[in-house]
Amino acid sequence: MDPVRNPYQPGAGLKPAALVGRDAPLSSWTVALNRVAVGRSARPFALYGLRGVGKTVLLNRFASEARERDWIVAKIEAGAGKTLRDGLAEQLYGPLTDMAGTASKGRRLLQALKTAASFHASVDAAGTWKFNVDLSGAPGGGADTGSLEPDLSKLLRDLSAAVADLDSGVAVLIDEAQDLTADELVALCAVAHQAGQEEWRVLIALAGLPSLPRVLAEAKSYSERLFTFEMIEQLDTDVASRALTEPAASEGVQWEHGAVQHVVAETGGYPYFLQQFGKEAWDEAEGVDAITVADARVGAARGQSVLDSGFFRARWDRATRAEQRYLRAMAQDGDAGSTAAAVAARLGRKVQSQGPARASLIGKGLIYAPEHGVVSFTVPGMAGFIARQPEL
């Protein structure tokens, strides 16, 4: 099959040709945008799930829909070597520069620009932000106290007032949100709460690992009532089948029923795996209009090899020898999760002595704690990969 026409796109955050099975969160986001447009408040979103289920794809769709409505959009990734303040400042500069170029420069717009400049100035003493607008006599500013919560509150409140004059809104989207610091989580929850109470034209959406609801609850006890939580999981059999067949059909190619069944079973319905296995099956197919069972079997084998050499290997190699032993002990329970006590017993150690390895693996994003005393892999299929690795 022509590789140029291959419709499958495995990759981090890449939009699949057929985004299926995600109607609920997409519809909820559209409703939230519409509520803000008519002056109503909307709850912030928290998408959570394992890696490879499509959280980043959804967050990107959220951002795209907001931009289509001429909203100011700041989308950042937490834990990427930048603070929340740095990331927001960088992402806001471009949209604010565009906004500064509008013909109408009312008082509230100038105030928002001055406040945004002060928010950035707290991390850039040289004040390199220039909007080509004279802000010397404008109100605003004051978002440079160095304390994130009041500064972020001032920034979003003033931006909300300014975009109201432009019939627009502000969207703040944060990926890998479980990697925000404790202070950043507290500030974000507090400001999101304030935004809802005062009906700011602001929408906040977070995406992260299954531990995200817990870390938000630890930041602010009211977070379970503040956020709209959406658990993003693997696709069921029918929807996973559509993720394979619809992109191919758009290219005039059909999947044999048995071929679809094989790939769906081998991937467990995980979106990233479906894209990888689908790509390999397409490339294997020699016909011009069909993917056969034989193609699917070879594609699945090649897809698994690609995952093993990259997706899984990159994570395994980040672990030290001691941490790999911990992961092997976890893998005996498959992907279902393990108690810390069971892992320690398999290693012949006390639970307390395994605390540093456990904490390090959580810090590296290889495992997470879904509940007290329990650990799980952050990626599906990790236990099977570990079982395939020779012990040294």
Give me LEU361, LEU347 ranked fewest to most by other Cβ atoms within 10 Å of their Cβ, as a rough exposure proxy. LEU347, LEU361
Ranked by GNM mean-square fluctuation in the chain (Cα springs under 10 Å), the top entry among ALA301, ALA117, ALA66 is ALA301
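Taking neighbour counts of Cβ atoms within 10 Å as a proxy for exposure, in what order, fewest first, do ARG69, ARG201 appear?
Details: ARG69 15, ARG201 25.
Sorted ascending by nearby Cβ count, the order is ARG69, ARG201.
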Looking only at SER211, SER309, SER28, which one moves most when the chain is put into a Gaussian network model with springs between Cα atoms under 10 Å? SER309
For segment 235-315, what is the relative contact order in percent, using Cα pairs closer than 8 Å and at least 6 residues apart in sequence? 31 percent
Distance between the C-alpha centers of segment 38-55 and segment 310-377? Whole Å please. 28 Å
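Report the local net charge at ALA369: Lys and Arg +1, Asp and Glu -1, summed over other residues whose C-beta lies under 11 Å from its C-beta. Write down the numbers at each step before the final one.
Working: positive: ARG214, ARG358; negative: GLU371.
Result for the neighbourhood of ALA369: +1.
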Virtual paramagnetic centre 7 Å along Cα→Cβ of LEU14, amide N under 12 Å, in segment 275-296: 275-280
What ranking do TYR48, TYR270 get, fewest neighbouring Cβ atoms within 10 angstrom at the top? TYR270, TYR48
Options [x] 30, 25, 21; [y] 41, 28, 17; [z] 46, 30, 22 are given for semi-axes √(5λ) of the Cα gyration tensor in Å, and the computed one is [y]
Considering only the other residues whose Cβ falls under 13 Å of the Cβ of LEU185, what net charge follows from Lys and Arg at +1 and Asp and Glu at -1? -4
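For the pairs LYS114/LYS364; LYS15/LYS154; LYS75/LYS220; LYS82/LYS154; LYS55/LYS220; LYS82/LYS114, note any where the Cα-Cα span goes beyond 29 Å. Numbers along the way, then the final one.
Values: LYS114/LYS364 38 Å; LYS15/LYS154 34 Å; LYS75/LYS220 23 Å; LYS82/LYS154 21 Å; LYS55/LYS220 23 Å; LYS82/LYS114 23 Å.
Beyond 29 Å between Cα atoms: LYS114/LYS364; LYS15/LYS154.
Figure the gain on full extension for ARG107 and ARG349 (residue separation times 0.36 nm, minus the Cα-Cα span) and round it to one decimal in nm. Before the final figure, lay out each step's value.
Numbers: separation 242, 0.36 × 242 = 87.12 nm, distance 6.56 nm.
So the extension gain works out to 80.6 nm.
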Dipole check, segment 235-315, charges on Cβ (K,R +1; D,E -1), about Cα centroid: among ALA281, GLY268, ALA243 the Cα furthest to the positive pole belongs to GLY268
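Taking Cα pairs under 8 Å and at least six residues apart, what relative contact order does the chain come out at, in percent?
On the way: 635 pairs, mean separation 77.4, N = 392.
Value for the chain: 20 percent.
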Testing the spin-label approximation: label points 7 Å from Cα along Cα→Cβ at SER221 and ASP98. State their distance in nm. 4.3 nm
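Summing +1 for each Lys or Arg and -1 for each Asp or Glu, what net charge is found among the other residues whose Cβ lies under 14 Å from the Cβ of ARG242?
Values: positive: ARG22; negative: ASP23, ASP236, ASP238, GLU246.
Summing Lys/Arg as +1 and Asp/Glu as -1 gives -3.
Using a simple charge model, +1 on the beta-carbon of Lys and Arg, -1 on the beta-carbon of Asp and Glu, nothing else, what dipole does the chain show about its Cα centre, in debye to the nearest 20? Please list the in-between numbers first.
On the way: 41 positive and 47 negative charges, 222 e Å.
Approximately 1060 debye in magnitude.
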For segment 23-231, what relative contact order do you get, as a whole percent, if you take Cα pairs closer than 8 Å and at least 6 residues apart? 33 percent
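All of the numbers you see were taken from the coordinates with simple rules; none came from a lab. These numbers were taken from a predicted model, which means no experiment stands behind them. Cβ coordinates were reconstructed from backbone atoms using ideal geometry, including for glycine residues, and neighbour counts include every protein chain displayed.
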